[in-house]
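One structure is given below, encoded as structure tokens.
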Amino acid sequence: MRKGMRGSGLAQVFRSRELRLAWLIAIVADAIQIAGFPFFAEGGFSPADTIVDLVAAFVLSRLVGWHWAFLPTLVAELLPGFDLFPTWSAAMGYITWQRARSVDPTIIDVEPLPPRRLPKS
């Protein structure tokens with residue numbers, strides 16, 4: 001893939017309203033957990049942390065579909081202290097990167113020209 005195509009693939013992926021909204025949800029979920037660290041320090045043992053993670057997982061799955069990158073994110077969120085790392089944003093970054101790589105360049109279907117008839121001599 002040429003260098004110039006990568007940027008256009010990323011731009012094409014970000015045209016999706018669902019993907020932009022999913023990024024917003026991931027960033028907000030991470031920001032809540034980082035800013036409210038004292039409430040979420042216990043990891044999976046914190047009811048507030050569990051609610052934020054379950055809501056984030058549900059909404060992101062509804063917006064972009066279930067992706068295997070959400071599974072390690074959910075496991076990491078259960079561990080105390082991992083809320084200081086933006087795991088939901090990292091998962092969305094990976095999903096976005098994968099989708100940008102899989103975008104095929106536009107292929108234009110061109111019909112062949114009719115056969116040229118040579119004049120009789």
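Computed from backbone phi with θ = phi - 60° and the Karplus coefficients 6.51, -1.76 and 1.60, the 3J(HN,Hα) list for the stretch 53-58 is 5, 5, 5, 4, 4, 5 Hz; x is used for glycine and proline.
The stretch between Q12 and S102 holds 31.3 nm of extra length on full extension. This uses 0.36 nm per residue minus the Cα-Cα distance. Projection of the Cα convex hull of the stretch 11-102, averaged over all directions and equal to a quarter of that hull's surface, yields 5.2 nm². Contact order for the stretch 11-102, expressed relative to its length and based on alpha carbon pairs under 8 Å spaced 6+ residues apart, stands at 40 percent.
Coordinate-derived values only; no laboratory data. Since this is a predicted model, take the numbers as computed values, not measurements.
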